[in-house]
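Structure first, commentary second.
The values are calculated or read from the model by the stated rules, or taken from the named source; none is laboratory data. Keep in mind that this is a model prediction, so the values were computed, not measured. Reconstructed Cβ throughout: ideal geometry from the backbone, glycine too, with neighbour counts over all protein chains shown. Surface accessibility is based on the protein's heavy atoms, side chains included, excluding ligands, DNA and RNA. Shrake-Rupley method; radii C 1.70, N 1.55, O 1.52, S 1.80 Å.
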Amino acid sequence: EADAGTKTFLDRHEDVKLGSLSGADTRKILLIVFVMTLHSFSEGVGIGVSFGGEHGPGLGVFISASLAVHNVPEGLAVAIVLLPRKVSKATAAVWCVVTSLPQPLMAVPAFMFVHAFLPLLPVGLGFAGGAMMWVAFMELLLEAYEDTDLATTGVTSTIALAVMISIQQRIEDHA
């Protein structure tokens, strides 16, 4: 895993500095920024692929809007790591945006690929869905479990899933 490799690298380099920060603070900042930036690549692929095919415009807008809402807590996670360490609000805001830059950068080539190879669209959608599931299960769900407990994580995740299924059903009913 890339984030495990990054953590190992940072653990070996305790003298890493970032502006006036050093030590564990710098390592934690770099790890969070790297992980958030890395998984933005897969989200960008998801956006680009979702615009392909017969239902591309509607699905693409829906996926883009979903990920835009999803980016708010991601940016908050980056800010929560930066602000207590005396990083300015402006600098924190810039880093919050930078971690999501791979999305539009990957969306365009992913769309171009799908457009050129339309018969492979199901493979692309499968990859994008798998990448998003990986982020949800291997990053977000595990972190929630580590920060709380199994019951809290399970109940909250189940409620969130039920709400999302309900919203999706309402959207399909009105389409």
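What about Ala136, is it under 21 Å from Met36 (Cα atoms) and surrounded by 15 or more Cβ atoms within 10 Å (Cβ to Cβ)? Spell out how you get there, then give the answer.
Numbers: under 21 Å from Met36 (Cα atoms): yes; surrounded by 15 or more Cβ atoms within 10 Å (Cβ to Cβ): no.
No, not satisfied.
Where in region 40-131 are there helices (runs of 4 or more DSSP H), lying wholly inside it, with at least 2 residues that are open to solvent by less than 40 Å² (accessible area, probe 1.4 Å), in contact (Cβ under 8 Å) with a residue 40 or more places away in the chain and out of contact with any Leu (no Cβ under 9 Å at 6 or more places or on another chain)? It would help to see each step written out before you state the result.
Working: elements: 56-82, 89-98, 102-116.
Filter on region 40-131 gives 56-82, 102-116.
State which residue is modelled with the lowest pLDDT when the search covers only region 20-35 and only residues that are part of a helix (DSSP H, G or I) and among the hydrophobic types (A, V, I, L, M, F, W, C).
Of all residues in region 20-35, those part of a helix (DSSP H, G or I) come to 24-35.
If we keep only those that are among the hydrophobic types (A, V, I, L, M, F, W, C) as well, we get 24, 29-35.
Values: Ala24: 62, Ile29: 79, Leu30: 78, Leu31: 80, Ile32: 81, Val33: 84, Phe34: 85, Val35: 85.
My answer is Ala24.
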Are there any pairs, at least 6 apart or on different chains, whose C-beta atoms fall under 6 Å, with the first in region 152-175 and of a type outside the set (Asp, Glu) and the second open to solvent by 80 Å² or more (accessible area, probe 1.4 Å), and if so, which? Thr153/Tyr145
